[in-house]
Amino acid sequence: MFQTTAVLALSNPAGLYDPAPNGYSHLAAVSGAARWLLVAGQGGESADGRLDPDFRAQVRQALANLKTALASAGAGPADVAKLTVLIVDHSLERLQVFGSELALAFGDGPKPACTLIPVPRLALDGMLFEVEAMAALAE
């Protein structure tokens, strides 16, 4: 079984704005020997391939899919160092939806470092959101 005790420190250095309301930290530092997990982009498809047309529903499902992928390797949200998020037709409203859904999925603690990239479309018709992750676990 994989261990989930990698030393991962999330922080927001002085001199940078507070990104917590937007659901991320500026810096993720991994110390010690670590095994890296690279999780491919997870969209909002259910296990049977259905894609809800609602943005919030897709974000919620994509984050659930990410947690499923992490759990399959013995990891969880606390092991995630970095997220990359792709949003179709990005807006402040969609950023707020992402932030609130990330808080529900990842809990109250600091969130991983994150890059959000607005895009014109994603791999599947109707797909509005995708998230990929890098997680670190102690060797």
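The values are calculated or read from the model by the stated rules, or taken from the named source; none is laboratory data. Fair warning: this is a prediction, and the values are worked out from it, not measured in the lab. Counting neighbours? That spans all protein chains shown, and the Cβs are built from the backbone with ideal geometry, glycine included. These accessible areas exclude ligands, DNA and RNA; they are computed on the full protein's heavy atoms, side chains included. Shrake-Rupley method; radii C 1.70, N 1.55, O 1.52, S 1.80 Å.
Quick one: in the stretch 111-131, which of the residues that are surrounded by fewer than 17 Cβ atoms within 10 Å (Cβ to Cβ) and in contact (Cβ under 8 Å) with a residue 60 or more places away in the chain is nearest to Q58 (Cα to Cα)?
Within the stretch 111-131, the match that is nearest to Q58 (Cα to Cα) is G126.
Can you pull out every residue in the stretch 1-44 that is out of contact with any helix residue (DSSP H, G or I) (no Cβ under 7 Å at 6 or more places or on another chain), outside any loop (DSSP other than H, G, I, E, B) and surrounded by fewer than 17 Cβ atoms within 10 Å (Cβ to Cβ)?
Across the stretch 1-44, the qualifying residues are V7, A9, S11, A20, L27, A29, S31, R35, W36, L38, A40.
Within the stretch 95-110, take every residue that is open to solvent by less than 30 Å² (accessible area, probe 1.4 Å) and touching a residue at least 40 places away in the same chain (Cβ under 8 Å) and give me the one that is nearest to the chain's Cα centre (by Cα).
Only one residue tops the list, namely L102.
Could you run through the stretch 45-80 and say how many residues are assigned to a loop (DSSP other than H, G, I, E, B) and surrounded by fewer than 17 Cβ atoms within 10 Å (Cβ to Cβ)?
Residues that pass the stated criteria total 11.
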